[in-house]
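Visitor: What follows is a structure written as structure tokens; I'll ask about it next.
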Amino acid sequence: MAGKKRPRSWLAVGAVVVYPAHGVGCVSARETRVVGGVEEEVVVIEFGNDLSVMLPLPRAQELLRPPLSETGLRRVHDTLRADAVLSDEAWPKRMRQAQEQLRRGDPVELAEIVRDGVRRGQRLTANGTAFKLSVGERALNSKARECLSSEIAVLRGLTQADADVWIDEQLALPVARGEGTGDRTGGEATPPL
């Protein structure tokens, strides 16, 4: 998603954008600044946590993307509800893979991180106790969930807490067998929120 060539106008002041490293933000300014002795156009993105980021326009066009669409939400919905085939890789390798997915910021990959973390936490060890995620895995899963729920909230006009509830509902539903898309809603065109 990020890196696609879009018209320069899509980064207009007031546009809602996603910066994979930080989540959902709003373009608060486009201005010309002198950086390293060179005049260039920059884009300033404000995030809800009192953070702002200034990027040169070419870098902004490379890194930023529009928020989740309804089509993307359907893919997230299917991913959260799908059976997870959990990797038996050692946690450091799983962490590296999940960190790369988080860096890319693709909503479906964020949903995979969230789903797999929940499913892994539901597994039992050989002695029957609950499987424990490492501190790093829990933090990474939390960040992926925060990024995903913020996009869902923006798309559907919800609070982030309501988007989190929707994610929990998708993860809690039983898997229907024999459905190619992973949709367990009886074929609804759009995941209910």
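Visitor: So which pairs qualify, if the first residue must be in segment 140-164 and crowded, with 22+ Cβ neighbours inside 10 Å, the second must be among the charged types (D, E, K, R) and part of a helix (DSSP H, G or I), the Cβ gap must be under 6 Å, and the two must be at least 6 apart or on different chains?
Guide: Hits for this filter: Ser149/Asp164.
Visitor: Please go through segment 27-56 and give me each residue that is over 13 Å from Val17 (Cβ atoms) and touching a Leu at 6+ places or on another chain (Cβ under 8 Å), ordered by number.
Guide: Glu40, Glu41, Val42
Visitor: Here is a follow-up. Can you confirm whether Arg59 is among the basic types (Lys, Arg), at pLDDT 90 or above and touching a Pro at 6+ places or on another chain (Cβ under 9 Å)?
Guide: Values: among the basic types (Lys, Arg): yes; at pLDDT 90 or above: yes; touching a Pro at 6+ places or on another chain (Cβ under 9 Å): no.
Criteria not met by Arg59.
Visitor: For segment 73-94, which positions are of a type outside the set (Val, Ile, Thr) and farther than 21 Å from Ser149 by Cβ?
Guide: Across segment 73-94, the qualifying residues are Asp83, Leu86, Ser87, Asp88, Glu89, Ala90, Trp91, Pro92, Lys93, Arg94.
Visitor: Quick check on my filter: what residues within segment 65-89 are at pLDDT 95 or above and of a type in the set (A, V, I, L, M)?
Guide: Once the filter is applied, which keeps residues that are at pLDDT 95 or above and of a type in the set (A, V, I, L, M), segment 65-89 yields Leu73, Val76, Leu80.
Visitor: Another question, if that's okay. Given the structure, is Val16 out of contact with any Cys (no Cβ under 7 Å at 6 or more places or on another chain) and β-branched (Val, Ile, Thr)?
Guide: Working: out of contact with any Cys (no Cβ under 7 Å at 6 or more places or on another chain): no; β-branched (Val, Ile, Thr): yes.
So Val16 does not fit the description; no.
Visitor: Given the structure, is Arg119 over 12 Å from the mean Cα position of the chain (by Cα) and surrounded by fewer than 18 Cβ atoms within 10 Å (Cβ to Cβ)? I'd like the intermediate steps shown before the answer.
Guide: On the way: over 12 Å from the mean Cα position of the chain (by Cα): yes; surrounded by fewer than 18 Cβ atoms within 10 Å (Cβ to Cβ): yes.
In short, yes.
Visitor: Let me ask another. Take the residues in segment 52-89 that are in contact (Cβ under 8 Å) with a residue 40 or more places away in the chain and of a type in the set (Val, Ile, Thr); name whichever of them is surrounded by the fewest Cβ atoms within 10 Å (Cβ to Cβ).
Guide: Looking at the filtered set, the residue picked out is Thr79.
Visitor: Only one of (1) modelled with pLDDT under 90; (2) within 23 Å of the chain's Cα centre (by Cα) is not met by Ala15, so which one is it?
Guide: (1)
This table checks each residue for (1) hydrophobic (A, V, I, L, M, F, W, C); (2) modelled with pLDDT of 95 or more; (3) surrounded by 14 or more Cβ atoms within 10 Å (Cβ to Cβ).
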| residue | (1), (2), (3) |
| --- | --- |
| Trp91 | yes, no, yes |
| Ser134 | no, no, no |
| Ala172 | yes, no, no |
| Gly182 | no, no, yes |
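The values are calculated or read from the model by the stated rules, or taken from the named source; none is laboratory data. What you see is a predicted model, and the numbers here were worked out from it, not measured in a lab. All Cβ positions, glycine included, derive from the backbone under ideal geometry; neighbour counts span all protein chains shown.
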